[in-house]
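Each remark here refers to the structure printed beneath this line.
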Amino acid sequence: MLLFVKLYSLNSWKYFVYYLKIKTCPILFFFHFIIFCQQLPEITIGPYIQNVTSNSAVVCWATKINNPVVVEAFSLKKIFGAKKLLSYYEHHEMILPNLEPNTWYTYDISGQNNPESMGKFLTFPDGLEPFQFAVLGDTRSRHDVHSKNVDRIIEKEPLFVLHTGDMVANGLNIQHWETFFDVTKDLMRSIPYFPTLGNHEKDSKYYYDFFHLPGNERYYSFNVGDALFICLDLEGIQYETPDYIKKENREFFWNNHELPYFEEQKKWLDRTLTLYKDAGFIFVFFHQPLISVKKSRVKGAKMRRKFWGDIFERHRVQIVFSGHDHHYHHAMSGGTHYITTAGGGANLYDIDAIQPETVKAIKKEHFILADVGENKVILNVIDINGDQLDEVTVSKRN
Ligand SMILES: [Fe+2]
């Protein structure tokens, strides 16, 4: 069967069309998208899959603009401010609506059967089906370690990946994103990637250009079956103190300047958790942890925890995933598991301040594979050699 469908396109290529071809195989139906355009510039990033739901997905890729205006990020920041960085990539997003749940789709953005321009993805189930997701954080340096984590995740074929922030060392540097997308290329072409803002993303325009996320993209939620996932932004809308704020006033600045933004986010979180009070599983992820076992960060973690209070425990959030402290840490408080997973690639940190809530802390590179079943979720903490470092079992909410 061959269908002709006109597509809504967010980019400047004016004449996109795609054909929907339905192929059959002995077990499953496969749906295949071929996306054509008049002239296909060289694809330099992607394609990769974003924002998958049970009935939609977004295919993204980027092409380099000819004769780019390349300006040093430092100079731009001085002239325009951090959010005015010029990108020399053109970003393309193709929204694929009206898909079937729990169904494999393949796509080809060139229509030329070139493996480099092709990918596949599985839409989310709309009912209660077991599924797996992977979590990793702080992939920003040591690309060989990041690459090994990526290879391990690909082997496991999770439904999607959560990143707890600090994907790159400097979010304002386009070369860092190029490396990131190069390392994750084979993963992201088939497995949806849900990131959160870390301090190293620096609230960069590139983050919002490259990722197509639900809601306002800064903090958002999505569902898989009866599992709720919530991403928060604990970095705020201004990633560094303005030069004119004197050193002795910086703590006051941070405690007050961003407060309305965080208060609004907290209200949104409370509303979302109330709305989904009957969810079977609730997972929250954000960058800087509320419980730290790194001595120099214990005070900051306590300040963050004071702000968020008992909101996670009160709403019976099962697992809060964070990054930032480059190791693995599992803590428990009031029935909520606080997991720091930041062994994605950045240099590891010592564990030098075990907290009363600590269950386990391991200084090793790793990622987490979460196995969501009918009555429980099992977290498997896996190092880059494939060995299991820890296992955490959490029951379904009643
Ligand atoms: Fe960080």
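Checking each residue in the range 195-232 for being within 16 Å of the ligand (Cβ to nearest atom), of a type outside the set (A, V, I, L, M) and out of contact with any Ser or Thr (no Cβ under 7 Å at 6 or more places or on another chain) picks out PRO195, GLY198, ASN199, HIS200, GLU201, LYS202, ASP203, SER204, TYR207. Just to verify a result, which residue in the range 154-183, among those that are in contact with a helix residue (DSSP H, G or I) (Cβ under 6 Å, 6 or more places away or on another chain) and under 30 Å from ILE378 (Cα atoms), is farthest from the ligand (Cβ to nearest atom)? Across the range 154-183, the extreme among qualifying residues is ILE154. One residue stands out among those in the range 296-322 that are within 11 Å of LEU234 (Cα to Cα) and within 14 Å of the ligand (Cβ to nearest atom): the one that is surrounded by the most Cβ atoms within 10 Å (Cβ to Cβ), which is SER322.
Return the residues of the range 224-267 that are farther than 26 Å from GLN318 by Cα, in contact with an Asp or Glu (Cβ under 8 Å, 6 or more places away or on another chain) and modelled with pLDDT of 80 or more; say none if nothing qualifies. ILE237 - this is the single residue of the range 224-267 that is farther than 26 Å from GLN318 by Cα, in contact with an Asp or Glu (Cβ under 8 Å, 6 or more places away or on another chain) and modelled with pLDDT of 80 or more. Of these, VAL284, VAL293, which one is in the same structural domain as GLY386 (by TED's automatic domain parsing), more than 16 Å from the ligand (Cβ to nearest atom) and surrounded by 24 or more Cβ atoms within 10 Å (Cβ to Cβ)? Residue meeting the stated conditions: VAL284.
Determine if the range 377-385 includes at least one residue that is touching a residue at least 60 places away in the same chain (Cβ under 8 Å), of a type in the set (A, V, I, L, M), on the phi < 0 side of the Ramachandran plot and within 16 Å of the ligand (Cβ to nearest atom). No, the range 377-385 contains no residue that is touching a residue at least 60 places away in the same chain (Cβ under 8 Å), of a type in the set (A, V, I, L, M), on the phi < 0 side of the Ramachandran plot and within 16 Å of the ligand (Cβ to nearest atom). A residue that is of a type in the set (A, V, I, L, M), modelled with pLDDT under 95 and in a helix (DSSP H, G or I) occurs somewhere in the range 174-187. Hey, any hits in the range 359-366 for a residue that's touching a strand residue (DSSP E or B) at 6+ places or on another chain (Cβ under 8 Å), surrounded by 18 or more Cβ atoms within 10 Å (Cβ to Cβ) and not hydrophobic (A, V, I, L, M, F, W, C)? Checking the range 359-366: at least one residue is touching a strand residue (DSSP E or B) at 6+ places or on another chain (Cβ under 8 Å), surrounded by 18 or more Cβ atoms within 10 Å (Cβ to Cβ) and not hydrophobic (A, V, I, L, M, F, W, C). When THR241, THR272 are checked against the criterion of being away from the ligand (no atom under 16 Å from the Cβ) and in contact (Cβ under 8 Å) with a residue 24 or more places away in the chain, a single residue qualifies: THR272. In summary, PRO101 fulfils each of the numbered conditions (1) part of a strand (DSSP E or B); (2) modelled with pLDDT of 95 or more; (3) farther than 21 Å from LYS185 by Cβ with the single exception of condition (1).
The values are calculated or read from the model by the stated rules, or taken from the named source; none is laboratory data. Just so we're clear, the structure is a prediction, and the values are computed from it rather than from any experiment. Cβ coordinates were reconstructed from backbone atoms using ideal geometry, including for glycine residues, and neighbour counts include every protein chain displayed.
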